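Please treat every number below as a calculation from the coordinates, not as lab data. Bear in mind that the values here come from a model prediction, so they are computed numbers and not experimental data. With ideal geometry, Cβ positions are generated from the backbone for all residues, glycine too; neighbour counts draw on all protein chains shown.
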Amino acid sequence: MGQNLTRKILADHLVSGELQPGREIGVRVDQTLTQDATGTMAYLQFEAMGIPRVRTKLSVSYVDHNMLQTGFENADDHRFLQTVAAKYGIYFSRPGNGICHQVHLERFSSPGDVLLGSDSHTPTSGGAGMLAIGAGGLDVAVAMGGGPYHLTTPTIVGVHLSGQLQPWVAAKDIIFELLRRLTVKGGVGKIFEYFGEGVASLSVPERSTITNMGAELGATTSVFPSDERTREYFRAQKREAMWRPIGPDTNPEYDEVVEIDLDRLGPMVARPQSPDNVVPIEEVEGTRLAQVCVGSCTNSTYHDLSVTAAVLKGRKVHPSLSLTVTPGSRQVFTMIARTGALADLIESGARILESACGPCIGMGQTPASDTASLRTFNRNFPGRSGAPNDQVYLASPEVAAVSALAGEITDPRKSGAPPSLATPQEFVIDDDLIIPPTESADGVDVARGPNIKHLPLAQPLPQTIAAPVLIKLGDNVSTDHILPAGSKILPLRSNIPAISEYVFHYVDPEFAAKAKESGASIIVGGSNYGQGSSREHAALAPMYLGVAAVLAKTYARMHHTNLVNFGIIPLVFADEADYDRVNVGDALEIPDVRDAVRGGQVTVRNTTQGHEFTARHNLSQRQVEVLLEGGLLNYVKARAN
């Protein structure tokens, strides 16, 4: 059997450990990216390390999340990010240049390299043959300082694509099919690698749609080979010199294989309120809509907006709904303007938003009460749109466009032949809004607004934890549940005391007050605790409030790492029956926890019930040492000294 592409890249970047299932490895990071909602904290952490310049091949700071400037906070953060970039050798993508994943794919993706980004949808660049991984900001800060990224050797799942997509069926339907089969927990601890004759039928933007939404499987990342289709894309981006072919050997070996016959796929829709609640469009056809949104880092490419415009050309959006369109980058915006697609969109009644994340993270366009919204986004977790009881459906741009005309979810296959669109031979290239790093930091002063507060650090793990259970949660709790996004909360990302007031805000509005009163506390969760975004604030803010431990059935990869990075011990019920027994308000005691963590098995005493049970952890020896030190920053600084 031949070697798969993922193992080739991992082996080429391996700096510690062995590529054996379940073993922790450290990999060299070539590139990093941050966005403004996570970047401010990441750069405060980088500054705390005392390293004068980044040590990666390339690091880019993007501004794309906190774009609503209703107060000074966001603008101040943007100035901080630009001056930090100048001082430490980082490229800076200015506000308006586009969504980080779309711009990075266009201008910086590099086949065979490892990209680490402080955003869960960093795997977008896997569509161009990168091993692109989302992580917490602290992990990215360490990588910028030259440190490796540590992860458990993943299971490699080969996704064999045969056939080709039929008319009106989109790349999004491929990842919907995987989510339908595997659920949001099906990719935890796995990397999805696409291979087979069907791969050649997909363009790089189509591939990036699939790798982007691989994050919703809980996957570490997803990757396509770099082939002639990749070369065409790089040539059109005038970056052919950065292209190189890389793919699996003949007859590659995978730990698991999933078969998808593209010929047999039809349009699909993810129903509220989870990306894996996927059904064939026939099951939801006719659902009345008050809103349709096209865009986000998943579906805001030139092709996505061009097909939307072609469907709408010469027609008007249904009077019962509002249609918004978001170009993913300034390049896309310019291209649709020059081809006339932008005029077609405007004339149809679409509302054109700036090139930013926008509605996908609750930054505007909150749906009306008790109405359905159809979006081409990647997530429809409860409340993510800004409305606690929202009814958000996810679909492809093709479905969104025909549904916007009909006023209800509509099967596009009933609309005749789809538009015939040519792939651009050349994209508009204008990188003037990407500011390259300065050669020297001399004379560069970092601008710090009043909202940028001191970086809190965790204390070393105590010998005993004694604390009440403040909240008990079910399965698939997302980081949106733990610390919501939206226009009110996102601007506080650089102010931990302020943003900590919103921990579990929509689940238990009194949680922050109870946590501060308690001093120390414990969270109990179900399966896949912490799914979704990479936002490390969902661990950092609870740490600030005194959360000492989380007890859950299982964890999502990034949140598990973030808990360790900020000194919160992530424990797993050895017997899930103990999850059912523990209640909110129970006083738990974890004695001799420092010694127990070293041994891997922890005794938990429920002093309220007089019950004792066992918990375990899934930590490597390095993570144990990180936890004992009180988090990754303490660990790194101690060893640097």
More than 17 angstrom apart: percent of Cα pairs within region 406-511: 79 percent
Antiparallel %, DSSP beta bridges [both residues in region 5-264], to 5: 20 percent
Cross-link partners of K516 among aspartates and glutamates (Cα-Cα below 18 Å; sequence separation of 8 or more within a chain): E501, D508, D586
Radius of gyration and maximum dimension Dmax of region 465-640, Cα, Å: 15.2, 45
Approximate spin-label separation E18-D432, in nm, with each point projected 7 Å along Cα-to-Cβ: 5.7 nm
Where GluC sites (Glu not before Pro) fall in DSSP loop in region 149-258, at most 15 other Cβ within 10 Å: E253
Exposure proxy ranking, count of Cβ atoms within 10 Å, fewest first, for I175, I429: I429, I175
Segment V279-Q3, length gained on full extension (0.36 nm per residue, minus Cα span): 95.9 nm
Region 501-641, relative contact order in percent, only Cα pairs under 8 angstrom and at least six apart counted: 19 percent
T287-D442 FRET efficiency (beta carbon distance; Förster radius 45 Å; 0.05 resolution): 0.15
Beta bridges per DSSP with both ends in the chain, % antiparallel, nearest 5: 35 percent
Relative contact order %, the chain, counting alpha carbon pairs below 8 Å whose residues are six or more apart: 14 percent
Distance between region 198-242 and region 36-63 - C-alpha centres, whole angstrom: 26 Å
Ranked V292, V550, V624, criterion: other C-beta atoms within 10 Å, fewest first: V624, V550, V292
Cβ-based net charge around W243, under 13 Å, with every Lys or Arg adding one and every Asp or Glu removing one: +1
Structure-based [θ]222 nm, the chain - -39500 (n - 2.57) summed over DSSP H runs of at least 4, per residue, nearest 500: -8500 deg cm²/dmol
Relative packing of peptides 437-446, 262-271 - highest average C-beta neighbours within 10 Å first: 262-271, 437-446
Inter-centroid distance (Cα atoms) of region 270-326 relative to region 130-164, Å: 30 Å
Which of E18, E536 has the fewest Cβ neighbours within 10 Å, and the rest in rising order: E18, E536
Under 15 Å, Cβ to Cβ, from N606 - net charge with Lys/Arg +1 and Asp/Glu -1: -3
Where a label projected 7 Å from the Cα of A640 along Cα→Cβ would reach, residues of region 545-569 with amide N under 17 Å: 565-566
Mean-position separation - Cα centroids, region 509-533 and region 428-483, in angstrom: 18 Å
Principal axis box of region 5-264, alpha-carbon based, largest edge first, Å: 52, 43, 37
Projected area averaged over orientations for the chain, convex hull of C-alpha atoms, nm²: 26.4 nm²
Local electrostatic count, I434, Cβ distance below 11 Å [Lys/Arg +1, Asp/Glu -1]: -1
For region 152-244, diffusion coefficient by Stokes-Einstein and Kirkwood Rh (Cα), 37 °C, 0.692 mPa s, µm²/s: 237 µm²/s
Antiparallel DSSP beta bridges within region 275-415, as percent of all bridges there, nearest 5: 5 percent
Two-decimal Rg/Rh across region 201-349, once Rg and the Kirkwood Rh are taken from alpha-carbon atoms: 1.00
Three-way shape label, region 52-129, alpha-carbon gyration tensor, a/c 1.5: oblate
Peptides ranked, highest mean first, by Cβ atoms within 10 Å: ranges 277-283, 469-475: 469-475, 277-283
Chain lengthening between R616 and R55 when straightened (0.36 nm per residue, less Cα-Cα): 198.3 nm
q = 0.15, 0.17, 0.24, 0.26 Å⁻¹, region 553-641: log10 I(q)/I(0) [Debye, one scatterer per Cα]: -0.60, -0.75, -1.23, -1.32
Relative contact order [Cα under 8 Å, 6+ residues apart], region 1-152, whole percent: 31 percent
